[in-house]
Amino acid sequence: MAGPLSALDPAGPQARAVALLWWSMLAAAAVLFTLVMGLYLWALLRPEAAAKIPARRWIILGGLVLPLPILLPLGVIALVLGESILRTGDEPFRVTAHAQQWHWSFGYPDQPGAAETIDVLHIPAGRTVEVTVSSADVIHSFWVPRLGGKIDAIPGRETRILLTADDPGGYGGQCGEYCGTGHSFMAFDVIAHPEADLAAALAGDTAPQEPAE
């Protein structure tokens, strides 16, 4: 499950929330599948007993009552985790991500004089980053699986997403929305630096970071 684009190998709090929701959904699906298959086998092995249950009761009990104890807690978990992804405990570091066929350009409004970077996003490690996402042409999707969820880049609109890297290092990013024949070229790198080194990194004075483990 590890890898540069694995959402199940989280490296930040927002990504951990996404991974926890995924595992919760998998567990809920496994429980529902087990219950449904158990009922199916019971009906297969005991057809006389199953035939005595009216169709209406099958629909109400099997289709409504059975899923509720599983889906209701899952809904609560999704709401709680979704709210946690939107919260920031400190003043976020702001960046912009502008998509176009077939690359990403990143700006740094919190770093006066910092040059725009192409297909490489520099961020401070250990600090919440607010990414303002936009598009020049079609719908793209900004996604750094190990650091957070994904958000669409929509022409004529700005969308925002929070992400955090626990540790310095390199993280893979990808356009998560098929955007045309050059979609595969829409990959990018996120490099998290110690905050004290960020200004130098944006000035091009530091060596590339190794991918984070």
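The values are calculated or read from the model by the stated rules, or taken from the named source; none is laboratory data. Predicted model only: the values in this text are computed from it and were never measured. Quick reminder, even Gly has a Cβ in these numbers, built from the backbone with ideal geometry, and neighbours come from all protein chains shown. Remember, those area values only see protein heavy atoms, side chains included, never the ligands or the DNA or RNA. Shrake-Rupley method; radii C 1.70, N 1.55, O 1.52, S 1.80 Å.
Under the simplified labelling scheme, the L8-A187 pair shows an inter-label distance of 2.0 nm, with each label point 7 Å from Cα along Cα→Cβ.
Please give the net charge around G182, taking every other residue with its beta carbon less than 15 angstrom from that of G182, where Lys and Arg add +1 and Asp and Glu add -1. Computed value for this residue: -3.
So which residue, out of I85, I59, I70, gets the largest mean-square fluctuation from a GNM of the chain using Cα contacts under 10 Å as springs? Maximum among the listed residues: I59. Share of antiparallel DSSP beta bridges in the stretch 83-131, in percent to the nearest 5? Antiparallel bridges make up about 70 percent of those DSSP assigns within the stretch 83-131. Rounded to the nearest 20 debye, the dipole size of the chain about its Cα centre is 1580 debye, using +1 on the Cβ of Lys and Arg and -1 on the Cβ of Asp and Glu. Over every Cα atom in the chain, the radius of gyration and the widest Cα-Cα span, Dmax, amount to 22.6, 79 Å.
Per residue, the chain exposes 56 Å² of accessible surface when a 1.4 Å probe is rolled over the protein heavy atoms with every protein chain present.
Residues considered: A15, A51, A203. Largest GNM mean-square fluctuation over the chain, using C-alpha springs under 10 Å, is found at A51. Dipole of the chain computed with +1 at Lys/Arg Cβ and -1 at Asp/Glu Cβ about the Cα centre; of V18, T164, V138, farthest Cα towards the positive end is V18.
For the chain, with a Gaussian network of springs between Cα atoms less than 10 Å apart, report the residue from P168, P145, P67 with the top mean-square fluctuation. Per the Cα network of the chain with a 10 Å cutoff, P67 tops the list.
Just so you know, the Rg over Rh for the stretch 93-204 is 0.94, from Cα atoms, with Rh as the Kirkwood radius.
With each label modelled as a point 7 angstrom along the Cα→C-beta vector, the L79-A136 pair spans 4.3 nm.
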